[in-house]
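Participant: I'd like to ask you about the structure that follows.
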Amino acid sequence: MTHSQNESPYAPWHGTTIITVRKGDKVVIAGDGQVSLGQTVIKHTARKVRPLGKGDVIAGFAGSTADAFTLFERLEAKLEQYPGQLTRACVELAKDWRTDRYLRHLEAMMLVADKSTSLVLTGNGDVLEPEGGVMGIGSGGNYALAAARALIDTDMTAEQVARKAMAIAAEICVYTNTSVTLEQLDAV
């Protein structure tokens, strides 16, 4: 197989699963720790989920690590500019991401949440609120999303749903492992 000069031999998005679950009085974002380069696992315990700002926003990323850190920094700056307005901060970031010459080449997706809102951000300018309080991104995102949707109406907590969904995704997706990082906030 040959690759053009501009085409990477490593497809983007391979190497992670991130899920958000909003249930009851909690919102959770969980992510696995596997980093893959092609078919080789480079690291098992990467931290792809973290609190942002003053700890009142949590976020997880799928995609290039350097690109994700750039987006985390930009989102934190937007959160400082628009305190307490997660949606506005995300829309402003999405505008920059889509129009800025440097940012538009970033290969990542993000899930972000605060006490009342969960959002998916993409480089296409999308700022989407997930249906039913759950959303998954990354190579195992659809597996985790399906599992979470099946579990959301059970007696399980948001954390339990997220952990079980991540475990199911790890059983199916070779780019996802069972080393889960989870951040949680009280929801309203």
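Any read-out appearing in this document is the output of simple, stated calculations on the displayed coordinates, not a laboratory observation. Predicted model, so just to flag it, every value in this text is computed and none were measured. Because the Cβ atoms are built from the backbone with ideal geometry, glycine has one as well, and the counts that use them run over all protein chains shown.
Participant: Which value in Å does the Kirkwood hydrodynamic radius of the chain take, with 1/r averaged over all unlike C-alpha pairs and then inverted?
Facilitator: 16.4
Participant: Here's another thing I want to ask about it. Cross-chain or 8 or more residues apart, Cα under 27 Å: how many lysine pairs in region 17-173 fit that? Count them up, please.
Facilitator: For region 17-173, qualifying lysine pairs total 22.
Participant: While we're here: Sticking with the crude label model, points 7 Å out along Cα→Cβ, report the distance from Arg50 to Ala167 in nm, one decimal please.
Facilitator: 2.8
Participant: Of Thr157, Ala89, Gly133, which is farthest along the charge dipole of region 17-173 in the positive direction, counting Lys and Arg as +1 and Asp and Glu as -1 at C-beta?
Facilitator: The residue sitting most towards the positive pole is Ala89.
Participant: Sticking with this structure for a sec: Please turn the phi angles of region 39-54 into ³J(HN,Hα) values with the Karplus equation 6.51 cos²θ - 1.76 cosθ + 1.60 (θ = phi - 60°), one per residue in order, whole Hz, x for glycine and proline.
Facilitator: 9, 10, 7, 8, 8, 9, 10, 5, 9, 9, 10, 7, x, 10, x, 8
Participant: For Ala66, what is the net charge nearby, where nearby means another residue's Cβ is under 12 Å from its Cβ and Lys, Arg count +1, Asp, Glu -1?
Facilitator: -3
Participant: Would you grab the residues whose amide H sits under 5 Å from the one on Ser36? Only those 5+ places off in sequence or on another chain, please, with H modelled 1.01 Å from N.
Facilitator: Residues meeting the criterion, in which the H sits 1.01 Å from N, are Ile42.
Participant: What residues qualify as long-range amide H neighbours of Leu52, i.e. H under 5 Å apart, gap of 5 or more or another chain, H built at 1.01 Å from N?
Facilitator: Distant-sequence amide H within range of Leu52: Val57, Ile58, Ala59.
Participant: Right, next: Just need the relative contact order of the chain here, percent rounded to a whole number, with Cα pairs under 8 Å and 6+ apart.
Facilitator: 33
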